[in-house]
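Structure, as structure tokens:
The values are calculated or read from the model by the stated rules, or taken from the named source; none is laboratory data. Here the structure is a predicted model, which means the values were calculated and not measured. Cβ atoms come from the backbone with ideal geometry, glycine included; neighbour counts cover every protein chain shown. What goes into the accessible areas is simple: the full protein's heavy atoms, side chains included, and nothing from ligands, DNA or RNA. Shrake-Rupley method; radii C 1.70, N 1.55, O 1.52, S 1.80 Å.
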Amino acid sequence: QIENNSYGIDGVEYRLTQHGFARDMEFNVITENESSLLFELTSNLETKKVYPYDFILHIGYRLIDNKLEISYNVKNTGTVLLPFSIGAHPGFRVPLNVEEKFEDYYLEFEKEETLDRILFDSGLLSGKYEKDYLKSTKMIPLSHALFENDALIFRGHESNYISIKSKKSNRVLKVGIADFPYLGIWSPPGKKAPFVCIEPWYGIADTCGAAKAFKEKEGRIILNKAEQFACHYSFEVI
């Protein structure tokens, strides 16, 4: 999220809505077979209305037994530095079994984590933290009240994956997050929605009132001419 949905580059103002522009664009299918798909988005006149850079974005999906792996690859095809952020917003049904309820579930990190919670304010970072929100623990019990103050946002986790588990059954859904420095956990506050989002990110929202040049935005990646960036995450049913 960009403060006021606008940012400037070289004296020109651009409008960019929440979660960026790529999710609203039509991708081309590059390859397709029984177990994989590869999509491509290339910079064009429409993308340059909101983001004035040349790039190629590939998003790949590969099914390996019970695991779905999603990969991102960004290439700078222009002649100037390419600043960008990228991330995912997948949601998972909770409960996984119809006879259970949301509160029967919990999230479990691969490793014990000690993490501050980055606090939100109207979709932007407030500049404040809840110190040691997680303290040498793997577990976050799920409840709808957990999200009354918006998403749980963490920076610098050590775990390679986080799992959705039930206290009443053996169903497990494991989300691979090893490549990503930021992690969001969210369900719509006040709606008792039957799902939770596990969101791995490279990049994060602006901080309220602390607007910076786009190239200085926290968490952004910068690619040199012809340079590429790659990362991936995964879902696995156990």
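A few points about this structure:
- Within the range 63-82, the set of residues being loosely packed, with under 13 Cβ neighbours inside 10 Å, under 23 Å from the mean Cα position of the chain (by Cα) and touching a residue at least 60 places away in the same chain (Cβ under 8 Å) comprises just one member, N66.
- Pair list, Cβ < 8 Å and 6+ apart or interchain, from the range 10-36 residues that are at pLDDT 95 or above to residues that are open to solvent by 80 Å² or more (accessible area, probe 1.4 Å) and assigned to a strand (DSSP E or B): S35/R62; S35/L63; S36/Y61; S36/R62; S36/L63
- Filtered residue count, the range 165-177, keeping only those that are in a loop (DSSP other than H, G, I, E, B), open to solvent by less than 60 Å² (accessible area, probe 1.4 Å) and not hydroxyl-bearing (S, T, Y): 1
- The range 126-164, residues that are open to solvent by 10 Å² or more (accessible area, probe 1.4 Å), modelled with pLDDT of 95 or more and closer than 22 Å to K192 by Cβ: M139, P141, S143, H144, A145, L146
- For Y72, the stated conditions hold: it is touching a Cys at 6+ places or on another chain (Cβ under 7 Å) and under 30 Å from V172 (Cα atoms).
- Subset tally (residues that are within 19 Å of the chain's Cα centre (by Cα) and under 21 Å from E158 (Cβ atoms)) for the range 114-143: 5
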